[in-house]
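The values are calculated or read from the model by the stated rules, or taken from the named source; none is laboratory data. These numbers come from a predicted model, not from an experiment. All Cβ positions, glycine included, derive from the backbone under ideal geometry; neighbour counts span all protein chains shown.
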Amino acid sequence: MALLDTRSKDIRNLPGFGLTATLAVAFLYAPILFLVLYSFNSGRSISRLDGLSWQWYQAVFANEEIAGAALNSVLLAVIAASVATVMATAAALAMVRMKVRRKAAAYAVLNFPLMVPEIVTAIASLIFFSSVGLGLGFGSLVIAHTTFCIPFAYLPITARLTSMDPALESAAADLFARPWRRFTLITLPLLAPGLMSGWLLAFIVSLDDFIISSMLSGPGSTTLPVHIYSMLRLGITPEVNAVSSLMVLVSALVVITSGLIARKQT
Amino acid sequence: MSDLQDHGDACRLTGLGRVYGKGASAHHALDNINLTIRANEFFTLLGPSGCGKTTLLRLIGGFDQPTVGEIAIFGRNVAGLPPEDRPVNTVFQNYALFPHLTVAENVGFALRMLGRPKAEIVATVARMVALVRLEGMEHRRPDQLSGGQKQRVALARALAPGPKILLLDEPLSALDAKLRQRMRSELKALQRETGITFVFVTHDQDEALAMSDRIAVMQDGRVQQLGKPEEIYEAPANRFVADFIGGANLIPARIGAGGAMAEGLGVVPATGAVGAEVTLAIRPERLAILAAGLQQPGDLGPLRVAERIYMGNELSFRLEGATVPLHVTLPRGGLRGAQDFAPGEAVCLRAEPGAIRVLAS
Amino acid sequence: MKLHRLLLAPSLGTILIFMALPIAITTLYSVLTPAQYGGVIWKPSAEAYIRLLFERDIFDDTLTFNTDYLQILGRSVLQAGVATLLCLIIGLPTAWFIATRPPGQKSLWLMLVTVPYWVNLLVRTIALLLILRDEGPINRALQSIGLTDGPLPLAYNNFAIGLGLVSSFLPFMILPLYAAIERFDFSLLEAAYDLHANRRKAFFAVVLPILRPGLIAGGLLVFIPGIGSYLAPDILGGGKTLMLGNLIGMQFQGSRNWPFGAALSTILMAVTLIALFIVARRAAREET
């Protein structure tokens, strides 16, 4: 690519693009950063930063309702992510390593949840669970969350599996390893980073969900985002800021962890 | 591996075929392969890419199933048996070393799978590592090894369980030239020492000629010729083999009254139906160039030197005057001869006895 | 049972039973009669779809054309369309910029762009409201500089909703575009220059057509969630400017007209499927 270097530099550094990118990123972060900043405000006001204080966080941690909702959310996310990861792993093994007739159809079904608008999924689940008699509550939430988590877990697992040399499994067979041992000794250890990424992705998607959870949650099975929404009825209080900031923290941690795992692979 | 039946034949392939797809678009990767690989021999499958040699190796190893035909290993039909049930081990083209295991764990893997006692595994691993001269590397991971070292680990790993047949899928192709040369002799020596039957796949004819006891030259899914290296080189059975192995001058000719008549060259002794089209195959190093004035009956020519190329260790000449350009190589000089000719010179060619092969077109 | 079927069964089964089937039942519900406190009576009725376009007089059952719901549908499409366009205008240069950075910077930028996506949408929407409100920093800054006398109405209106949609879905536009640009063979541009194209012509004649699949993917990823958006119109629009998502949600909360909600949802699903189908057809045709 050294030939027309000056020219290709031309198209790579188009004027204004860098500025646009910076502004775009600023636009994406500014509201969040502002939220986090004001969660430390020692006064109640949103317009004036009085001083820095942990008081709103203390209030949040002392609040039983919030704690209950948070526990529900985490439990739900852990269960949904784990079940989804196991199912997605099985599916990935089948799709990547085996001959599947009508692979395109299977692929479409696996990606189906990603294509449906969330509100449609939400009310469809509501209609389904009430018509089947399962009602609302934690059980229905688990089922609905697991379902939409599957494609999110599936993507990193498939990516990792396809980048694995299939000759490794052939070599293991050549060296007298039976199918189950091939899986546990060779495939699984090498797949591990993909599994972790998939789990983390599914976890955060479940934790973040609002609209589906709000349709399906019943008394006692509120999730944290649904509870935050109900807190909004009293306006955007500093407690809301604090809880929201905590959710930002969790998201950031998950993404960074996921990124570190991905980095370690290469 | 408990089937130590003492047949002389390590592997017998009968009517073997592998077809992909159906009907008009079916692709015959292998077509009616019949061959026998003898115990303790270094057997090579040689051919250009796409000829079916790797497919054949995979069928023997159990990584693929034939569409028709039978494979017998030491007298036992292995149809349907997966690789883990065959007394055969493989050295893969890109080594396929387990990246998350150490060298020692890689080498000992098969024995671990077979449930051998720990002491035996440790001892065998040590022996194998010494055999391929990688002492000191036992605790390294594959990503800490050079290409040549990886290749040796792959070899040790496949030899550790003591197979009767070793399959090698172009194991030297990823190595640089000097290393490749050295590995050739090492592999050959290893095969002699251990007495294991080697089935070696390569597209490199120098390798095949240097290492093999017998070679099967393949093209289009079929065996074109099977024989010892000398036979393959000196007496190619058809046009493909003549052209693929070594360089060859391939000259169209027609059988006439006195033999095969090649335009611009003369008549060469040959038998066959009068009027039949044939191909004359002559190796470039088996022709001598003489000045045109010295042409005798039986010599080919007259021809004109069109190009002289200095190749370092030899001189290569392109001669015009026949239907196709002819290539002749001469040693550069010194004790082996000091002939040289300039472009434009009129010359003729004298072939060594038996150097001209008459092949069906 | 063959192994691969066994492995695929759990995930495919779960998705088919708990997502595809419910959506089918929803479509079924859209042609039933609403029960009084939510739910349905199993009596077929086209009332839900009629209600979209007409208002039925309670006394004499006559139908009058009613644009209320059509307005909401129209507003949703318009908002989503504008948001898509804006995301395109902002997203393409951003994706181009990131893709043309050296490798170290590249992954940093990518991470910067993706992290907001993983933050809860509710939280992001609340945060945006915080900034746009009358008491928020933007208005205070503008007033303190002296550019305006009173606060600008930046929140609780269509403008805020639009901004919310752009902010929610901008990463969805940037990432597919980035992927497409990454795959772009820059030597094609050099060939174009060699054939006397200037920068602008090269961009439109060579770059854009090749990026088109990425543009379409990004566009869909913004437009489809955009029309069904719930939180942005609810929180940033103050609940006054309804969009399709809110309208649907309402039928299952306050209004309790399940068939009507189901009908709206079916229409949204249909629009989604049509859009996806068109793109899939285009992509398949382009591949041959």
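Do we find that C:Leu129 is within 9 Å of another protein chain (Cβ to nearest Cβ) and assigned to a helix (DSSP H, G or I) in this structure?
So C:Leu129 fits the description; yes.
Regarding B:Ala29, is this residue within 20 Å of B:Gln225 (Cβ to Cβ) and either at pLDDT 95 or above or touching a Gly at 6+ places or on another chain (Cβ under 7 Å) (or both)?
yes
Looking only at the stretch B:114-140, which residues are out of contact with any helix residue (DSSP H, G or I) (no Cβ under 8 Å at 6 or more places or on another chain) and surrounded by fewer than 11 Cβ atoms within 10 Å (Cβ to Cβ)?
Scanning the stretch B:114-140 gives B:Gly115, B:Pro117, B:Lys118, B:Ala119, B:Gly136.
Please state which one of C:Leu122, C:Leu110 is within 25 Å of A:Val243 (Cα to Cα), in a helix (DSSP H, G or I) and within 13 Å of chain A (Cβ to nearest Cβ).
From the options C:Leu122, C:Leu110, the qualifying one is C:Leu122.
State whether the residues of the stretch B:85-104 include one that is surrounded by fewer than 15 Cβ atoms within 10 Å (Cβ to Cβ) and either part of a strand (DSSP E or B) or of a type in the set (A, V, I, L, M, F, W, C) (or both).
No; the residues of the stretch B:85-104 include none that is surrounded by fewer than 15 Cβ atoms within 10 Å (Cβ to Cβ) and either part of a strand (DSSP E or B) or of a type in the set (A, V, I, L, M, F, W, C) (or both).
Would you be able to say whether some residue in the stretch A:92-103 is under 26 Å from A:Pro225 (Cα atoms), part of a helix (DSSP H, G or I) and touching a residue at least 60 places away in the same chain (Cβ under 8 Å)?
Looking for residues that are under 26 Å from A:Pro225 (Cα atoms), part of a helix (DSSP H, G or I) and touching a residue at least 60 places away in the same chain (Cβ under 8 Å), one finds none in the stretch A:92-103, hence no.
Condition first: touching a residue at least 24 places away in the same chain (Cβ under 8 Å), more than 9 Å from chain C (Cβ to nearest Cβ), in a loop (DSSP other than H, G, I, E, B) and farther than 30 Å from C:Leu220 by Cα. Can you find one or more residues in the stretch A:45-58 that meet it?
no
If you check C:Arg183, C:Arg140, which single one turns out to be within 11 Å of chain A (Cβ to nearest Cβ), of a type in the set (Lys, Arg) and over 16 Å from C:Leu221 (Cα atoms)?
C:Arg140
Looking at A:Ala124, A:Ala159, A:Ala90, which one is within 27 Å of C:Leu273 (Cα to Cα) and within 11 Å of chain C (Cβ to nearest Cβ)?
Within the list A:Ala124, A:Ala159, A:Ala90, the selection yields A:Ala124.
Could you check the stretch C:68-107 and list, in sequence order, the residues that are facing another protein chain (nearest Cβ under 9 Å) and either more than 28 Å from A:Ile256 (Cβ to Cβ) or under 14 Å from the mean Cα position of the chain (by Cα) (or both)?
Within the stretch C:68-107, just C:Ile89 meets the criteria.
Does C:Thr27 satisfy the criteria of being polar (S, T, N, Q) and assigned to a helix (DSSP H, G or I)?
Yes, satisfied.
Is it the case, given these coordinates, that B:Val278 is β-branched (Val, Ile, Thr) and in a loop (DSSP other than H, G, I, E, B)?
No: the conditions fail for B:Val278.
Run down C:Phe260, C:Phe223, C:Phe277 and say which single residue is out of contact with any helix residue (DSSP H, G or I) (no Cβ under 6 Å at 6 or more places or on another chain) and closer than 30 Å to A:Phe210 by Cβ.
The conditions single out C:Phe277.
Please identify the pairs in which a residue from the stretch C:194-214 that is part of a helix (DSSP H, G or I) has its Cβ atom under 8 Å from the Cβ atom of a residue that is aromatic (Phe, Trp, Tyr), counting only partners at least 6 apart or on another chain.
C:Ala202/C:Tyr193; C:Val207/C:Phe184; C:Ile210/C:Phe184; C:Leu211/C:Phe184
What pairs can you find where one residue is in the stretch C:65-83 and surrounded by 20 or more Cβ atoms within 10 Å (Cβ to Cβ), the other is aromatic (Phe, Trp, Tyr), and their Cβ atoms are less than 6 Å apart, with a gap of 6+ or different chains?
Partner pairs satisfying both residue conditions: C:Ala80/C:Phe223.
Is there any pair with a first residue in the stretch B:296-310 that is touching a residue at least 24 places away in the same chain (Cβ under 8 Å) and a second that is surrounded by 11 or more Cβ atoms within 10 Å (Cβ to Cβ) and basic (Lys, Arg) whose Cβ atoms are under 6 Å apart and which are 6 or more apart or on different chains, and what are they?
Taking only residues 6 or more apart or on different chains, the pairs are B:Asp299/B:Arg350; B:Ala306/B:Arg318; B:Glu307/B:Arg318.
Restricting to the stretch A:232-266, give me the number of residues that are farther than 29 Å from A:Ala192 by Cβ, surrounded by fewer than 22 Cβ atoms within 10 Å (Cβ to Cβ) and more than 10 Å from every other protein chain (Cβ to nearest Cβ).
5
Just to be sure I understand, how many residues within the stretch A:166-198 are among the aromatic types (Phe, Trp, Tyr) and at the interface with chain B (Cβ under 7 Å from one of its Cβ atoms)?
Number satisfying all stated conditions: 1.
For the stretch B:283-295, does any single residue satisfy the condition of being under 34 Å from the mean Cα position of the chain (by Cα) and part of a loop (DSSP other than H, G, I, E, B)?
yes
From (1) within 11 Å of chain A (Cβ to nearest Cβ); (2) surrounded by fewer than 17 Cβ atoms within 10 Å (Cβ to Cβ); (3) among the hydrophobic types (A, V, I, L, M, F, W, C), pick out the condition that doesn't hold for C:Ile278.
Checking C:Ile278 against (1) within 11 Å of chain A (Cβ to nearest Cβ); (2) surrounded by fewer than 17 Cβ atoms within 10 Å (Cβ to Cβ); (3) among the hydrophobic types (A, V, I, L, M, F, W, C), the one that fails is (1).
Mind checking which residues of the stretch B:152-191 are farther than 22 Å from B:Met113 by Cβ, touching a residue at least 40 places away in the same chain (Cβ under 8 Å) and either touching a Cys at 6+ places or on another chain (Cβ under 9 Å) or basic (Lys, Arg) (or both)?
B:Lys188
Please go through the stretch C:144-193 and pick out each residue that is among the hydroxyl-bearing types (Ser, Thr, Tyr) and either part of a helix (DSSP H, G or I) or surrounded by 16 or more Cβ atoms within 10 Å (Cβ to Cβ) (or both).
C:Ser144, C:Tyr156, C:Ser167, C:Ser168, C:Tyr178, C:Ser187, C:Tyr193
May I ask you to verify whether A:Lys9 is modelled with pLDDT under 80 and either over 25 Å from the mean Cα position of the chain (by Cα) or surrounded by 14 or more Cβ atoms within 10 Å (Cβ to Cβ) (or both)?
Criteria met by A:Lys9.
Looking at the stretch A:113-145, which of its residues are touching a Leu at 6+ places or on another chain (Cβ under 9 Å), touching a residue at least 40 places away in the same chain (Cβ under 8 Å) and polar (S, T, N, Q)?
A:Ser125, A:Ser140, listed by residue number.
Does any residue of the stretch C:59-76 turn out to be outside any loop (DSSP other than H, G, I, E, B), β-branched (Val, Ile, Thr) and more than 30 Å from C:Leu32 (Cα to Cα)?
No: zero hits.
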